[in-house]
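Reviewing the structure listed below.
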Amino acid sequence: MAFNLEELGIAPAGLDAVRPFAVEELDVRGRAVSLGPVLEKILDRHAYPEPVSRLLAEAIVLTSLLGTSLKFEGRFTLQTQTQGPVSMLVVDFASPDAIRACASFDKDRVEALMEAGKATPEALLGTGHLAMTIDQGAHMQRYQGLVELDGITLEEVARRYFERSEQIPTEVRLGVGELYTRQEGEPPVRTWTAGGILVQFLPESPERMRQADIDPGDAPEGAVSHEFEEDDAWVEAKALVDTVKDVELTDPEVSVEMLLFRLFHERGVRLFEPQPLADKCRCSREKIEGVLAGFSDEDIEDMTDGGKIAVTCEFCGTKYQFDR
């Protein structure tokens, strides 16, 4: 079904902006995003192998959806530590719009998986854990939730996290794609694109608050468990999100508004103001100098080469140099 956003009086959020939404008939809240230039800048800067870039892109999409839900000035960090070929992913979001990301990996192990045709996200991550950290500032308590990684996707990570730690039924779809353009006489040029949608069941009506025996996980002691899986509204919302194809998430011609109307037009979807994203790093000469000041004289001596100490930011690649 085709929709004309202009006739509906809706201005598209465009690329690199998260669109919050609600489907009130289903007691569903959510967020959707389509990433373009911001993602391209981050991945192009690092020039990781294709499977590693794809995995990091998924993590960036997920962090975009979760980080922009912060209702205060703070930071949301997604970080994996595993025994897999990609030993670490770090995606850091600082409100209101700054996102940065990097990865650590074993080149030989990644290449071996690529040659075997087995470089899936699950194989790259391997076993370990994923941490989601919310930092509200120097004078506020930091919150961290952990999810075990045992051969699962980042989509499943998000489902487990919210079910066990927050007791919020959640469905997530993440998609990463590559667009190739070519001018006559020139080789093809690759551009990264990605998108995602997250929906959560947050019922307000009493009839949808049926108690059951869901494992409370990390929820506070005494928290009331609820059975949402059998609720018709949540079953419908999940089924609709499950129909989303990767091409709908990665095609720049398919706006997030168009996708949401395709999914929920029969129930009615309410859109909220989009939240832009920007490729921004928080490193600075002053911050790095403060870190160096904490090292011993012996450590400083080991770092010094030709009377200089060189430091490169793992996120943005900016190079800093200090004298002894």
Set of lysines with alpha-carbon distance to K41 below 16 Å, sequence-local pairs under 8 removed: K280
Sites T304 and A11, calculated FRET efficiency, Cβ-Cβ separation with R0 41 Å, nearest 0.05: 0.15
Taking amide H positions as placed 1.01 Å from N in the peptide plane, with prolines and chain starts having none, which residues 5 or more places from T312, or on another chain, fall under 5 Å of its amide H? Y320
What helix-only [θ] at 222 nm does the chain give? Using -39500 (n - 2.57) per DSSP H run of at least 4, over all residues, to the nearest 500, the answer is -8000 deg cm²/dmol
What is the distance, in nm, between label points placed 7 Å from the Cα along the Cα-to-Cβ direction at V235 and at M88? 4.6
Got the relative contact order for the chain handy, in percent, Cα pairs under 8 Å and 6 or more residues apart? 23
Ranking D44, D305 by Cβ neighbours within 10 Å, fewest first, what do you get? D305, D44
Estimated vicinal HN-Hα couplings, Hz - region 156-164 in sequence order (Karplus 6.51, -1.76, 1.60; Gly, Pro = x): 5, 4, 5, 4, 5, 4, 6, 6, 8
Based on the Cβ-Cβ distance of D242 and E50, what FRET efficiency does E = 1/(1 + (r/R0)^6) give at R0 = 22 Å, to the nearest 0.05? 0.25
Listing M258, M132 by rising number of other beta-carbon atoms within 10 angstrom, fewest first, gives M258, M132
If the chain between Q81 and E148 were fully extended at 0.36 nm per residue, the gain over the current Cα-Cα distance would be 23.1 nm
As a footprinting exposure proxy, order L78, L39, L179 by other Cβ within 10 Å, with the fewest listed first. L179, L78, L39
Per-peptide average of other Cβ atoms within 10 Å, ordering 22-31, 279-288 highest first: 22-31, 279-288
Once phi is turned into θ = phi - 60°, what whole-Hz ³J(HN,Hα) does the Karplus curve with 6.51, -1.76 and 1.60 give for every residue of region 13-28, x standing for Gly and Pro? 5, x, 6, 6, 8, 8, 10, x, 8, 9, 10, 5, 5, 9, 6, 10
Relative to the present Cα-Cα distance, how much length would full extension add between A131 and S296 at 0.36 nm per residue of separation? 56.4 nm
Between E186 and D108, the FRET efficiency computed from the C-beta separation at R0 = 41 Å comes out, to the nearest 0.05, as 0.80
Between E24 and T318, 0.36 nm times their residue separation minus their Cα-Cα distance comes to what? 101.3 nm
Give the cysteines in the chain for which no other Cys Cβ lies under 4.7 Å away, or write none if there are none. C102
Using θ = phi - 60° and the Karplus relation 6.51 cos²θ - 1.76 cosθ + 1.60, list the HN-Hα couplings for region 113-129 in order, rounded to whole Hz, with x at every Gly or Pro. 5, 5, 5, 8, x, 10, 7, 7, x, 5, 5, 5, 6, x, 9, x, 8
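None of the figures in this text is laboratory data; all of them are computed from the coordinates on show. It should be emphasised that the depicted structure is a prediction, and the values quoted were computed from it without experimental measurement. As a convention, Cβ positions derive from the backbone with ideal geometry for all residues, glycine included, and neighbour counts pool all protein chains shown.
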